[in-house]
């Protein structure tokens, strides 16, 4: 092999080596990022057992009676601050979040809950979106199946039977044949009128 022939091969080898090293570095960086995300997802970003976190978890499920579209956790009203204090006090006393929610429901009614209960007539609010999704997917599947079946049968009236014109010509292939059919029909119509 000549020196001129070796130079292009050496350039290709060097390029391939650089590409391989770059790919390896990129793969290692992506792997480290994925591991970091998994650690944060499993461990969490901070202490989740703090009292403020627990109060916020309960208060975020309750509606502020003053603001009405905000949770007790997000509302700046004086009543919401008092409710958060009550939640914190009861959590320190050892009550569970469900017991605390039940006390607020007893005092204000089920209206105080931001999400509707999952029983009785309120169950419709939980079931309806999923049911609508399933019905929409079923309708889409039926429509796609009809479109694909129509394409397979090439517009014929039924599978396996070719459509024919009154003259015996196959329907649907040649646009010129369609024009001829229209002319023939018009001519027969004019003859019938005369």
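Readers should treat all values here as calculations from the given coordinates under stated rules, not as data from a laboratory. Just so it is clear, the structure is predicted and the values come from calculations on it, not from any experiment. Methodologically, a virtual Cβ is constructed for each residue, glycine included, from the backbone with ideal geometry; neighbour enumeration extends over all protein chains shown.
Taking a point 7 Å from the Cα of residue 54 along the Cα-to-Cβ direction, the residues of region 67-90 with backbone N closer than 11 Å to it are 88-90. Which of the three applies to region 51-115, rounded, prolate or oblate, going by the alpha-carbon gyration tensor with a ≥ b ≥ c and a/c under 1.5 meaning rounded? Taking the square roots of the gyration eigenvalues as a ≥ b ≥ c, region 51-115 is oblate.
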